[in-house]
Amino acid sequence: MERLQKVIAESGLTSRRKAEELITEGKVKVNGEIVTELGTKVSSKDRVEVNGKPIEKEQKEYYILNKPRGVVTTTQDEHHRKTVVDFIPTKARIYPVGRLDYDTTGVLLLTNDGEFANILMHPNDKVEKVYMAKINGIIKGEQINKLKDGVEIDDQKVQATRVKLKKVNEKANTCMVQITIHEGKNHQVKKMFESVGFQVEKLKREKVAFFDLKDLQSGEFRKLTPKEVARVYALEQKENSH
Ligand code: URA
């Protein structure tokens, strides 16, 4: 279910703000009834009309991109830097699902399906995010345990589900650590490592739920299959069923 004004805006008819005006002015019908309540939620099965004309539904599109470094995770950048959306040749108004920092690489999903995006962004036990971090030092068991027990970042406690030391470079005094989290707070992984005394020098997202980088070089993307999309919707059903 999505907010009526969002659905109207996503149809390409007008902006979200204009859509809100149309609703409050009584120009929008849902299943034949005028709706003036801005919070009204509708599903893809509801018939939405604006000024007596049904809105056209934009086809849903789904992509996975192996995000390179030096690219912003937004739809438009005020400084005209390259954005993740620039990699995908489509006219649909797709947007990134969640955010990766400018210097972070790896798995990023893009879509124009708000429900799909919500399932993946809402903290959910079934949606793990796996990162590989190169840090400026060699992590000890005690610090790994701290990350797993929970650390405080921006006054909130966050935990890693798994932390694995993958590679140690004694000479350079760095190591590679694989860390799995469920939330997606801003700069979460960097801040978690900072809280135990390390700076992240490189960060790559290897996995989001069951999506990984298999066959995708940096900057490459592919469409998701209908099966993959259905699997994401199934993640939500599982969560709601308990
Ligand atoms: N955590 C971070 O610190 N940065 C990212 O880009 C993603 C997760």
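Can you confirm whether LYS134 is out of contact with any Gly (no Cβ under 9 Å at 6 or more places or on another chain), more than 22 Å from ASP212 (Cα to Cα), of a type in the set (Lys, Arg) and in contact (Cβ under 8 Å) with a residue 40 or more places away in the chain?
In short, no.
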Legend entry - Count of residues meeting criterion [touching a Gly at 6+ places or on another chain (Cβ under 9 Å), farther than 23 Å from TYR233 by Cβ and open to solvent by less than 30 Å² (accessible area, probe 1.4 Å)] in segment 87-116: 1
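With a cut-off of at least 1 residues that are surrounded by 13 or more Cβ atoms within 10 Å (Cβ to Cβ) and touching a residue at least 40 places away in the same chain (Cβ under 8 Å), name the strands (runs of 3 or more DSSP E) lying wholly within segment 160-242.
174-181, 200-208, 221-223
Mind telling me which of the residues ILE153, ILE138, ILE119, ILE144 ends up being touching an Asp or Glu at 6+ places or on another chain (Cβ under 7 Å), among the β-branched types (Val, Ile, Thr) and open to solvent by less than 70 Å² (accessible area, probe 1.4 Å)?
The conditions single out ILE119.
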Inset, instruction - Go through segment 16-119 and tell me which strands (runs of 3 or more DSSP E), entirely inside it, have 1 or more residues that are charged (D, E, K, R). - result: 28-30, 48-50, 62-67
Legend entry - Hits in segment 183-231 (condition: closer than 29 Å to PRO89 by Cα, among the hydrophobic types (A, V, I, L, M, F, W, C) and within 11 Å of the ligand (Cβ to nearest atom)): LEU203, VAL208
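The values are calculated or read from the model by the stated rules, or taken from the named source; none is laboratory data. All of these numbers come straight from a predicted model, not from anything done at the bench. Methodologically, a virtual Cβ is constructed for each residue, glycine included, from the backbone with ideal geometry; neighbour enumeration extends over all protein chains shown. Just the protein is used for accessible areas: all its heavy atoms, side chains included, with ligands, DNA and RNA removed. Shrake-Rupley method; radii C 1.70, N 1.55, O 1.52, S 1.80 Å.
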